[in-house]
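Where a number appears in this text, it was derived from the coordinates with a stated rule and is not lab data. Note that the coordinates shown come from a computational prediction; the quantities given were computed from them, not determined experimentally. All Cβ positions, glycine included, derive from the backbone under ideal geometry; neighbour counts span all protein chains shown.
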Amino acid sequence: MSGSAKTVPESGRILLGCRLVETLDRELELARAAAREAGAVILRYYGEEEVEVRTKADQSPLTVADEQANALIVARLSAAFPDDAILSEESPDDPARFGKRRVWIVDPLDGTRDFLAKIGDFCVLIGLAIDEKPVLGVAYHPVKEALYFARKGGGAFVEADKATTRLATSRRQEPGELRVGISRLNPDEGLGKLLAASGLQPRAVSMGASAKHMALARGEIDAVLNLSAAEQEWDTCAPEVIMTEAGGTVTDGEGKPFRYNQKDLYRRRGSIASNGLCHPYMIRIMAPALPEAFK
């Protein structure tokens, strides 16, 4: 049998050689539409002078915008893919997900603090993991009306200003020219000291939520370092696919790949995203900043 691909429309897969490979066309179309819809919901509340805020058990803020965006996304995914599991920041964790190969991983409003501060650096994140690996990611920036999307093996793209552009990470790798993205509203003291000691501090760029991950995918910065104890699967799933398909590398602070649909959702060894070329350097300079509990 030849290695050419033959489409099998009724299953949403292609026959490649002797293997059936999921194209994820329908999944990507649905996720893109749901992200835009959720973004429109969020923007309705973004324009209000005051939004009611509650504090969750982990001390993070929760607004009606989070809840309504979450309800919309979960409803769309459940209706379209009833056999899939959904893991969302704003929904109760259903243990039934452990018996599923396919799990949608959602942060309906990534950057609620940025939303409340009227900074604008917040996104809707919708990712899909199959067999614990991220395969599809959508990130929608409602304020800029920029939709980022990628699927495994298909490249990464952004739709903005009525144009679709393929994303590509930078090629910089010399320490003296690297620009690093860090959290604007959740700065880590240990990470700050590390950047100062390594000489990266003058070129560090403070950005909100996943805005820094999308800046990496666009090639505007070269790495994103994170030591936040609050980072979880829904913070990394969709961005990971977009960044890696743009040419980047994403790992924990020790250089190990992330797995998804785990019992422990936290990224307890930090996270490093880079253009790939500077990744070994980022692992080396971040090592001293990893808390002992991470090692």
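Here the gap between Ala197 and Lys263, fully extended at 0.36 nm per residue and compared with their Cα-Cα distance, gives a gain of 20.2 nm. Over the stretch 236-288, the alpha carbon radius of gyration divided by the compact-protein estimate 2.2 N^0.38 Å works out to 1.11.
Which whole number in µm²/s is D for the stretch 144-264 by Stokes-Einstein, with the Kirkwood Rh taken over Cα pairs at 10 °C and 1.306 mPa s?
105 µm²/s
Ranking Ala139, Ala57, Ile221 by how far each Cα lies toward the positive end of the dipole of the chain (charges on Cβ) leaves Ile221 at the top. Annotation: amide H of Ala204 within the under-5 Å range of Val180, sequence separation 5 or more or interchain, hydrogens built in the peptide plane.
Along the stretch 248-262 the Karplus relation, 6.51 cos²θ - 1.76 cosθ + 1.60 evaluated at θ = phi - 60°, assigns HN-Hα couplings of x, 10, 10, 8, 7, x, 9, x, 8, x, 7, 10, 10, 6, 9 Hz to successive residues, with x for each Gly and Pro.
For the stretch 68-136, GluC sites (Glu not before Pro) are listed when DSSP marks them as loop and at most 13 other Cβ atoms sit within 10 Å of their Cβ; the list is Glu132. For the pair Asp161 and Ala71, a Förster radius of 22 Å applied to the C-beta separation gives a FRET efficiency near 0.15, rounded to the nearest 0.05. The residue list Ala230, Gly190, Thr169 was ranked by how far each Cα lies along the charge dipole of the chain toward its positive end, using unit charges on Cβ atoms, and Thr169 comes out on top. Remark on the stretch 46-125: hydrodynamic radius 13.6 angstrom, per the Kirkwood mean of 1/r across alpha carbon pairs. Across the stretch 27-38, computed HN-Hα scalar couplings (Karplus, 6.51 cos²θ - 1.76 cosθ + 1.60, θ = phi - 60°) run 4, 5, 4, 5, 5, 4, 5, 5, 5, 5, 4, 5 Hz from first to last residue, x flagging Gly and Pro. Longer than 19 Å from Cα to Cα, which of Lys100/Lys263; Lys133/Lys212; Lys133/Lys263; Lys56/Lys144 are they? Say none if no pair is. Those over the limit are Lys133/Lys212; Lys56/Lys144.
Descending by average beta-carbon neighbour count within 10 Å, the peptides 208-215, 191-198, 103-110 line up as 103-110, 208-215, 191-198, the highest first. Structure remark: mean-square fluctuation, Gaussian network model of the chain, C-alpha springs under 10 Å; the largest value among Ala79, Ala230, Ala71 belongs to Ala79. Ranked by the mean number of other Cβ atoms within 10 Å of their residues, highest first, the peptides 175-187, 31-43 fall in the order 31-43, 175-187. When only the Cβ of Lys, Arg, Asp and Glu is charged (+1, +1, -1, -1), the dipole of the chain relative to its Cα centre reaches about 1020 debye.
Packing around the peptides 270-278, 46-54, taken as the average count of other Cβ atoms within 10 Å per residue, puts them in this order, highest first: 270-278, 46-54. 3J(HN,Hα) along the stretch 154-162: x, x, 10, 9, 9, 9, 7, 6, 6 Hz, from the Karplus curve 6.51 cos²θ - 1.76 cosθ + 1.60 with θ = phi - 60°, whole Hz, x for Gly and Pro. Backbone N atoms of the stretch 27-55 closer than 19 Å to the 7 Å Cα→Cβ label point of Lys133 belong to residues 27-28. Contact order, relative form, for the stretch 138-295: 25 percent (alpha carbon pairs under 8 Å, 6 or more residues apart, mean separation divided by residue count). About the centre of its Cα atoms, the stretch 249-288 shows a dipole size close to 120 debye [charges on the beta carbon of Lys, Arg (+1) and Asp, Glu (-1) only; nearest 20 debye].
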